[in-house]
Amino acid sequence: MSDLTRISAAALAEKLTAKEVSSVEATQAHLDRIADVDGAIHAFLQVSGDAALATAADVDARRAAGESLHALAGVPIAVKDVVVTKGLETTAGSRILEGWIPPYDATLVERIKAAGLPILGKTNMDEFAMGSSTEHSAYGNTHNPWDLDRIPGGSGGGSAAAVAAYEAPLAIGTDTGGSIRQPAAVTGTVGVKPTYGGVSRYGLIALASSLDQAGPVTRTVLDSALLHELIGGHDPRDSTSIDEPLPALVAAAQQGAKADLTGVRVGVIRELQGEGYQPGVLARFEESLELLRGAGAQIVEVSCPHFTYALAAYYLILPAEASSNLAKFDGMRFGLRVVPEDNPTAERVMSATRGQGFGDEVKRRIILGTYALSAGYYDAYYGSAQKVRTLIQRDFTAAFEAADVLVSPTAPTTAFKLGEKLDDPLAMYLNDVATIPANLAGVPGLSLPSGLSDDGLPVGFQVLAPAKADDRLYRVGAALEALLENEWGGPLLLKAPELEVAR
Ligand code: GLN
């Protein structure tokens, strides 16, 4: 494996700026790595090697001509397949969009292209981002680089696996209930869900519009801050986009790396630990708390009593919004069209297309959502869930009076075996108990690796901050990363662990 694929994006960016390596070399190294390992990992649905090398060559030429470039110019990146990319097939992991070539770029893709980051390809995901294991993809499983028999998390398992397997230094994910943070936790990567409205949703294929956020997947906290600053900030094409400058995220990560948290109040969420959490996950969590305490943080316990109902509220609100968002896949406008032989009326084409084009999990949620929104049940289900959502937001408001950031394990367990939870939707949904509250309240969250459990698999540590205070995630996240570094000699994925795929 080339050294260029083993370093952080920030380190690679420095080598590019110093003209020690060219973007073409760096991009080719990642394409070679993809060719070597992606047969086993299957992180990518599409690899856009020629386009990536063309971007790289262009950046190299501009650099040689002395143009001033973005700090990440020339650093390659992978993009989750739910984000539309002009001229590059975008399926959201679904058969219904097979062959769909978008005529435009998502805002975040425009920003990535304008900054000169070569796009390596599109990553695998659960169909329409519904799932926690990537097993609901219509295009096959992605394998966890730590153990190929295990899931890489979901729905953004492809982006997380690509970064963990050194196929890409940076990736884009989307997080509606945990799909950036939970895959990060089980693959040993860093993943950030920004404040709702912090990154434009223009050009994201919507799952649940009031919950969706795109964000970075990387190997270090600083790399996430760099990518977040690149893709974030106001976009007039998204009416929920926050019209304010982003907080200084890179500066916060740099400050955090000094590992001085004097005066920072860290709130441990009582409801997000204990029963249902794997002992190895809790052990790493406790050790990380001790490290934060050692760095001067004040550890307090906070209670968020309504978090117990977050999962139930989410699985009413999400299907309700999804059933409406997915109505546009009707066989007329995008991708697949199935025409029944006899009597092909518009309604029958629509029904045949949706019947064949959607997988079981998508159908389950459309049915659930339509039911929850139906006139007779609206108040009992959707209306009640929205009230619970307000109570969860109030829990956060109260907790953030007692603490500057809140923390918990990111996921209750390490990566489980492929197939283990596939036939049990409720067991699958439980993976997101700790991540969903942030989406319901719109607050930002970060997951970083806090070591390995007794089973040798990575454990995620989650940091949550108030809306629009994403800088706190980076300060505390970078501090913990630096403190852990002292224990094990480097951020988890930079210290060359014995990944199965690397052997
Ligand atoms: N696993 C959750 C779900 O299935 C989260 C999905 C997501 O964040 N996109 O809905």
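Every number here is computed from the coordinates shown, using simple stated rules; none is lab data. Nothing here was measured: the structure is a model prediction, and the numbers come from that model. Virtual Cβ from ideal backbone geometry, glycine too; neighbours counted across all protein chains shown.
Listing for the model above:
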{"read-out": "Label point at residue 371 placed 7 Å out along Cα→Cβ; residues across region 407-448 whose backbone nitrogen lies under 13 Å", "value": "none"}
{"read-out": "Rounded FRET efficiency, nearest 0.05, which uses the C-beta distance separating residue 454 from residue 32 and R0 of 22 Å", "value": "0.05"}
{"read-out": "Highest to lowest packing among 430-438, 447-455, 156-164, 392-400, scored as the average C-beta count within 10 Å", "value": "156-164, 430-438, 447-455, 392-400"}
{"read-out": "Prolate/oblate/rounded label for region 400-497 (Cα gyration tensor, a/c 1.5)", "value": "oblate"}
{"read-out": "Cα shape, region 316-396, gyration tensor, a/c 1.5 rule", "value": "prolate"}
{"read-out": "Under 19 Å from the residue 275 label point (7 Å along Cα→beta-carbon), backbone N, region 310-342", "value": "310-313"}
{"read-out": "Entries in 19/80; 80/113; 19/258; 193/468; 387/421; 193/421 that, when Cα-Cα distance is taken, lie over 20 Å", "value": "19/80; 19/258; 387/421; 193/421"}
{"read-out": "Gyration tensor verdict on region 133-227 (Cα atoms; rounded if a/c is under 1.5, prolate if a/b is larger than b/c, oblate otherwise)", "value": "oblate"}
{"read-out": "Hydrodynamic radius (Kirkwood) for region 17-74, which is based on Cα pairs only, to one decimal in Å", "value": "12.4 Å"}
{"read-out": "Full-stretch length increase - residue 401, residue 299 - with 0.36 nm per residue and alpha-carbon distance subtracted", "value": "35.3 nm"}
{"read-out": "Rg and Dmax [Cα atoms of region 1-149; Å; Rg one decimal, Dmax integer]", "value": "15.9, 48"}
{"read-out": "Proximal aspartates and glutamates relative to residue 15, as straight alpha-carbon distance under 13 Å, when same-chain residues fewer than 8 apart are discounted", "value": "3, 25, 60"}
{"read-out": "20 °C / 1.002 mPa s Stokes-Einstein diffusion coefficient of region 92-251, Kirkwood radius on C-alpha pairs, µm²/s", "value": "138 µm²/s"}
{"read-out": "Point-to-point label distance, residue 71-residue 327, nm (Cα→Cβ direction, 7 Å offset)", "value": "4.4 nm"}
{"read-out": "Scaled radius of gyration (Cα, divided by 2.2 N^0.38 Å) that the chain gives", "value": "0.91"}
